[in-house]
Amino acid sequence: MSVDGDTARLKDEADEPGWEVDPDDEWGLAVVATVGRQLRLRREAVGMRAPDFGVAVGYGEDMVYKLEGGKRIPRPEFLDRADEVLGAGGLLAAMKEDIAKVRYPKRVRDLAQMEAKAVELGVYAGLSVHGLLQTPEHARALFEAWQPVYSPDEVERGVSARMARQSIFERSPAPTLSFVQEEATLRRPVGGTMVWRQQLEHLLEVGRLRNVTLQVMRMNSDAHPGLEGKIEVLKFPDGSAVGRSEGVHGGRPTSDPKQLRVLELRYGTIRAQALTPRESLAFIEQVLGET
């Protein structure tokens, strides 16, 4: 692509949704402000005016001031270009890692941090395949179906954040992971037949991991405590725990011992009513054979 083409692309992307700073995200605000301050100090140190810098990197003067003022999250390619133009020797480019984290919504980062520390995790999901079990294509189809409509950039941001959480399967020592999925979530052809088949194959792959228990709740099962919504219980090395349920406190995480006992009781009852892990894998194979 030509320089003019790169410049036009950067100008177009700079104002896309999904790169605004969340006003409620204190850590994110601090990171973006720090990057902006370093950017301004480096520009001033080399004696370059904001309009000239903007021309060099393909951004308008107004956008340069927004980035330097911590009003917008800089794109990774912008930091690479700025580092080169300002001769920062990798200082600005090195900030891409923190910026990548800021781009994930705060609630997703908080959830990922809890999952990364958990030694045990139990999940019941009734409306869709749980995020930790989704393929990228399945997740993308779900984000694209959301209303109001997400921009393409917001869709990719959501998919990336969801996939990043799945590093939980690569941890050592491996945490104990338990999932109960409603049968309906396995039969809904999200994303079309090929994406659906890939999702079922992925469930079989994950369900065979030694530290993972995957169970299916059949649609012809009797009423159970999960019908009010998703349930999650996470336990940590120090003996503490966090749980949440769509039917309790609006889905907000709770560490209250009484509420945790209730959630653990409900989840235990759900697991007892679901198919066994062996039966569940056989059932998923059956559904896959029917697609």
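Which shape class applies to the stretch 153-194: rounded if a/c is under 1.5, otherwise prolate when a/b exceeds b/c and oblate if not, where a ≥ b ≥ c are the square roots of the Cα gyration tensor eigenvalues? Oblate. Pairs of lysines in the chain whose Cα atoms sit within less than 25 Å of one another amount to 22, provided the residues are eight or more positions apart or on different chains.
Computed over the alpha carbons of the chain, Rg followed by Dmax gives 22.8, 73 Å. DSSP beta bridges confined to the chain are antiparallel in about 50 percent of cases. Backbone geometry of the stretch 34-44 corresponds, through the Karplus equation with coefficients 6.51, -1.76 and 1.60 at θ = phi - 60°, to 3J(HN,Hα) couplings of 5, 4, x, 5, 5, 5, 5, 4, 5, 5, 5 Hz, x marking Gly and Pro. Taking a sphere under 12 Å around the Cβ of residue 191 and counting the other residues whose Cβ falls inside, with K and R at +1 and D and E at -1, yields a net charge of +1.
The packing ranking of peptides 253-260, 65-72, highest mean first, is 65-72, 253-260, where packing means the average number of other beta carbon atoms within 10 angstrom of each residue. Amide H contacts of residue 179 (H built 1.01 Å from N, in plane; Pro and chain starts excluded): 123, 213, 214, 215 sit under 5 Å, all sequence-distant by 5 or more or on other chains.
Treating the stretch 143-247 as a set of equal point scatterers at the Cα positions, no solvent, please give the Debye-formula log₁₀ I(q)/I(0) at q = 0.12, 0.16, 0.21, 0.22 Å⁻¹. For the stretch 143-247, the Cα-only Debye profile gives -0.57, -1.05, -1.51, -1.50.
The numbers here are math on the coordinates, done by the rules we state, and not lab data. Everything quoted here is computed from the prediction, not taken from an experiment. Please note: Cβ atoms are built from the backbone with ideal geometry, for glycine as well, and neighbour counts cover all protein chains shown.
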